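Student: Here it is, the structure in full.
None of the figures in this text is laboratory data; all of them are computed from the coordinates on show. Keep in mind it's a predicted model, so treat the numbers as computed, not measured. Here the Cβ positions follow ideal geometry from the backbone for every residue, glycine too, while neighbour counts run over all protein chains shown.
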Amino acid sequence: MWLAERRSGLGATDAAAIVGASKWATPYDVYLEKKGHAPPKEDTSAMWFGRELEDIIARRYAEVTGRRLWNPARSFAHPDFACVRASPDRIVIGEERGLEVKTASQFAADEWGPEGTDVIPDAYLVQVAVNMAVMRYSVWDVALLMGAAEFRIYTVRREDDFEAWVLDKCVTWWRRYVEGDEVPDITGAASTADLLARRFPRDAGVFIDADPKAAEWRDAYLAARGMRTAFEAQEEEAKNNLKAYMGEASGVTFGDGSRVTWKASKEVESVDWRAAASELRVRAEAAGIDCGDVIEAATARRPGARRFLFSPAKKQAE
């Protein structure tokens, strides 16, 4: 039932991808999911902690604000646009107010403004706008656990113009791509590369003939690869010249306050466990100890990943 609801419309996280605000998905990724072509998402450590911490963060919000919360545990459809849906984390009882629960790493602190403001990452701002549009609420709070112990509350108020823009984007996209069966453009996003690898984990061992569009993408790939090689060579040339200029100096400071450093990293110690295991096996066998079962138990077999390679056409013999 949950999967059917997910495919019946665009949720708040989908909306962030549709308007280009998401770091985790693209419109093409959303399209594959809604059409039932996307493989199941792999559960990550971050996703697990997010689920497990949701109740704790919501309880902390209730303690700090004195508000009572309700977990609807369901999705709601927009009253005018059934293809736009929301699944609120929590609803504040007795108020037209919702709550979104988030966790964030300390490394993402610069994406968040001061507590109490509405300065939150764009993807979450879109999510909150969709939630308010569907629920017809004027205020939505975001309870954030930053790092391991820093708790913050942000408050976002409904903005009609922004909401109308997001809804228009979502409804237009749904009608064009999901109902109209048009395929969105594929981008170079890492999320799309991961999705394609999971959707097509094996090759069939056959070759297909290229159409004109495939030939265009082949040419674009080669052109981009050539530019990357040229830029990488320029980068290395600049680095080497700066290293020669610094010599034994730790770095060089420029008039605008920027600087380039060339410092030795701290000495690290590493163990070649493969070599150590090999040596231990030799000694064990010399002592008459059979290690075959230990080695078999420690051996993990993983299917090979598909490699993307370009091979130029072979020159015909004259």
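Student: Using 0.36 nm times the number of residues separating T117 and K266, minus their current alpha carbon distance, what extension gain do you get?
Tutor: Extending this stretch completely gives an extra 49.5 nm.
Student: A follow-up question, please. Rounded to whole Hz and in sequence order, give me ³J(HN,Hα) for the range 253-264 from the Karplus expression 6.51 cos²θ - 1.76 cosθ + 1.60, θ = phi - 60°, writing x for Gly and Pro.
Tutor: Those phi angles translate into 10, 9, x, 7, x, 6, 8, 10, 10, 9, 10, 6 Hz.
Student: A further question follows. Using the per-residue mean of other Cβ atoms lying within 10 Å as a proxy for protection, in what order, highest first, do the peptides 269-276, 122-129, 24-31, 57-64 fall?
Tutor: Peptide ranking by packing, descending: 122-129, 24-31, 57-64, 269-276.
Student: On to the next question. Please give me the summed charge of the neighbours of L195: other residues whose Cβ is under 10 Å from its Cβ, Lys and Arg +1, Asp and Glu -1.
Tutor: 0
Student: G251: net charge of surrounding residues, Cβ under 15 Å, Lys/Arg +1, Asp/Glu -1, itself excluded?
Tutor: Charge balance near G251 sits at +2.
Student: Give me the aspartates and glutamates in straight-line cross-link reach of K34: C-alpha distance below 16 Å, same-chain residues under 8 apart excluded.
Tutor: E5, D14, E179, D181, E182, D185
Student: Using a Förster radius of 45 Å, what is the FRET efficiency between D181 and E95 based on their Cβ-Cβ separation? Nearest 0.05, please.
Tutor: With a Förster radius of 45 Å, E is 0.60.
Student: Quick one: which of K35/K102; K35/K314; K23/K266 span more than 32 angstrom between C-alpha atoms?
Tutor: Distance filter (> 32 Å) returns K35/K314; K23/K266.
Student: Return the aspartates and glutamates within reach of K41: Cα separation strictly under 12 angstrom, same-chain partners fewer than 8 residues apart disregarded; answer none if there are no such residues.
Tutor: In chain and number order, the partners are D29, E33, D194.
Student: Roughly what % of DSSP beta bridges within the chain run antiparallel, to the nearest 5?
Tutor: 65 percent
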